[in-house]
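Below is one structure, written out as structure tokens; the observations come after it.
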Amino acid sequence: MIDERLIRGVTLRGAVAINVITMIGIGPLITIPLVLGALHGPLSLAGWLLGALLALCDGLVWAELGSLYPGSGGTYGFLRETFGRAQLGRLLAFLFVWQTIFVAPLLQATGYIGFANYAGYFFPALAATPWAIKALAIAVGGVTLVALYRAITTVSRISMGLAGASIVTLLCVIVASYAHFSPAQALALPAPDSFWAGMRAGLGQALIIAMYDYFGYGQSSTIGGEVRAPARTLPRSILISIALVAVLYVAMQFGILGAVKWESLVPLADGSLPPLGQHLASTIVEQRFGVAAAGIVTLLVLVTAFASVYGNLLGFSRIPFAAAEDGVFLPSFAHLHPKHRFPDVSLVAIGLLALPACLFPLDQIINALTSGIVLVQSIAQIVALGVLRWRGIRAPYRMWLFPLPALIALIGWAYIFEQSGTGAIVYGLATVAAGVAVFLVWAARAHAWPFAVRPIDS
């Protein structure tokens, strides 16, 4: 149900900004070397283009569900409303929040690692020592947690500003990369006999990384109750944000191919990034416009990165808290700090789990967090849309060419899950299985579904 106390003050521009800031962040600036490591040279463009197609198809699922349940909190509400608040929907909503406990720390860790990598531009000795980068990433995570462990009476409206900063940063890199652009270098394909072999070997990993960078296009749907005319605004915000970000990503990737040799960017044998790959944006701007301009861009990247991880941890910590207050998650997560009245248990749980995640290679973290969202969020949402259509429920917005986009999204997410690697697959399945076990124990103790005692008919 929609909470009518909410103010519908988010316009189309604001909804697009919310999506863009969630999608961009520091992600593409640290993952382009990983994409190039999977798909060499201009083949890397296929990862970004196919990622945009998958994002578009999946975004249409978000759009239709969001227009039907505009005030239900995104996936949490979609699943609970579709499958029953007191039945299967309760389990699925619980699992979504449970997965947040395991996925959010991984997403936070990528931001901490990205911050540490770019800080290495100012401190070359730091960039040359992988363990120093990891230590700084953990320290950034600790500072972020401490900074949030306090009363928050007001929250600045920074979506538009951060979205603008993210776009400006990418534009700086794009302009710098095209200043001395070599078309021949950018279009130099791998050897003909390795073209299709390279695509087969690297497309899965490149698509995983691309979707990590694109994901966030449905963020406006999670605040649908505060969006003006959601049936029109939500679909438009999703389509516009995907198109805008896709153009930026493809333009930046192509420009970098023509500005530097891609071989100098790919991860090393131990999984770490070479110096150029660690702070790609800074180096390219320095080569074209000088040290001063590169320093400004690097500071902009660091500010955007910290603001992103700060805002994400703030938001993530409220998801288990809100669900616990709603009676759909473990009661301990509803605890508030006795003096400053913020969800301390939820904040500390997610904040601390992010710290050890910083010790793993970036590509492994991305694989694990991607596998974590596939089962309970992405695939479950697509199934939910199919169930609603089968029931004959008409949403205010209905996707084009149904069920084709939904099927493409389903196949794409299943392919990504299969390609994420044994470790990531085990992580995804194990966390879901553990969540089901915890839910059943909790439900049994509370005599809730599926252990609710039904009254005997007289």
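The values are calculated or read from the model by the stated rules, or taken from the named source; none is laboratory data. All of these numbers come straight from a predicted model, not from anything done at the bench. For neighbour counting, all protein chains shown are included, and Cβ atoms are generated from backbone atoms with ideal geometry for every residue, glycine included.
For residues that are in a loop (DSSP other than H, G, I, E, B) and over 19 Å from the mean Cα position of the chain (by Cα), tally how many sit in the range 196-240.
Applying the first criterion (in a loop (DSSP other than H, G, I, E, B)) to the range 196-240 yields 215-218, 228-229.
With the extra rule that they be over 19 Å from the mean Cα position of the chain (by Cα), the set shrinks to 228-229.
So the answer is 2.
Looking at the range 63-75, which of its residues are of a type in the set (S, T, Y) and either modelled with pLDDT under 85 or farther than 18 Å from Y217 by Cβ (or both)? Reasoning before the result, please.
Restricting attention to the range 63-75, the residues satisfying the condition of being of a type in the set (S, T, Y) are 67, 69, 72, 75.
Selection gives S72 alone.
Which residue, of G372, G386, is closer than 16 Å to T75 by Cβ and surrounded by 22 or more Cβ atoms within 10 Å (Cβ to Cβ)?
Among G372, G386, only G372 is closer than 16 Å to T75 by Cβ and surrounded by 22 or more Cβ atoms within 10 Å (Cβ to Cβ).
Select, from A137, A119, A147, the only residue that is at pLDDT 85 or above, in contact with a helix residue (DSSP H, G or I) (Cβ under 8 Å, 6 or more places away or on another chain) and closer than 30 Å to Q377 by Cα.
Details: A119 fails: closer than 30 Å to Q377 by Cα; A147 fails: at pLDDT 85 or above.
Testing whether each residue is at pLDDT 85 or above, in contact with a helix residue (DSSP H, G or I) (Cβ under 8 Å, 6 or more places away or on another chain) and closer than 30 Å to Q377 by Cα leaves just A137.
Are there helices (runs of 4 or more DSSP H) fully within the range 375-458 with at least 3 residues that are over 15 Å from A93 (Cα atoms), touching a residue at least 60 places away in the same chain (Cβ under 8 Å) and hydrophobic (A, V, I, L, M, F, W, C)? List them.
380-390, 404-419
So, restricting to helices (runs of 4 or more DSSP H) that lie completely within the range 25-138, which ones have at least 1 residues that are more than 20 Å from the chain's Cα centre (by Cα), in contact (Cβ under 8 Å) with a residue 40 or more places away in the chain and farther than 29 Å from L355 by Cα?
Of the helices (runs of 4 or more DSSP H) lying wholly inside the range 25-138, those with at least 1 residues that are more than 20 Å from the chain's Cα centre (by Cα), in contact (Cβ under 8 Å) with a residue 40 or more places away in the chain and farther than 29 Å from L355 by Cα span 44-68, 75-83, 88-119.
A292 is checked against (1) among the aliphatic types (A, V, I, L, M); (2) closer than 23 Å to L171 by Cβ; (3) buried (at least 19 other Cβ atoms within 10 Å of the Cβ) and fails just one. What number does that condition carry?
So the condition that A292 fails would be (3).
Here is a list of conditions, (1) assigned to a helix (DSSP H, G or I); (2) surrounded by fewer than 15 Cβ atoms within 10 Å (Cβ to Cβ); (3) modelled with pLDDT under 85, and S156 meets all of them except one; can you say which number that is?
Going through (1) assigned to a helix (DSSP H, G or I); (2) surrounded by fewer than 15 Cβ atoms within 10 Å (Cβ to Cβ); (3) modelled with pLDDT under 85 one by one, S156 breaks only (1).
Scan the range 180-195 for residues that are assigned to a helix (DSSP H, G or I), at pLDDT 80 or above and more than 31 Å from the chain's Cα centre (by Cα) and jot them down.
Correct list: P183, A184, Q185.
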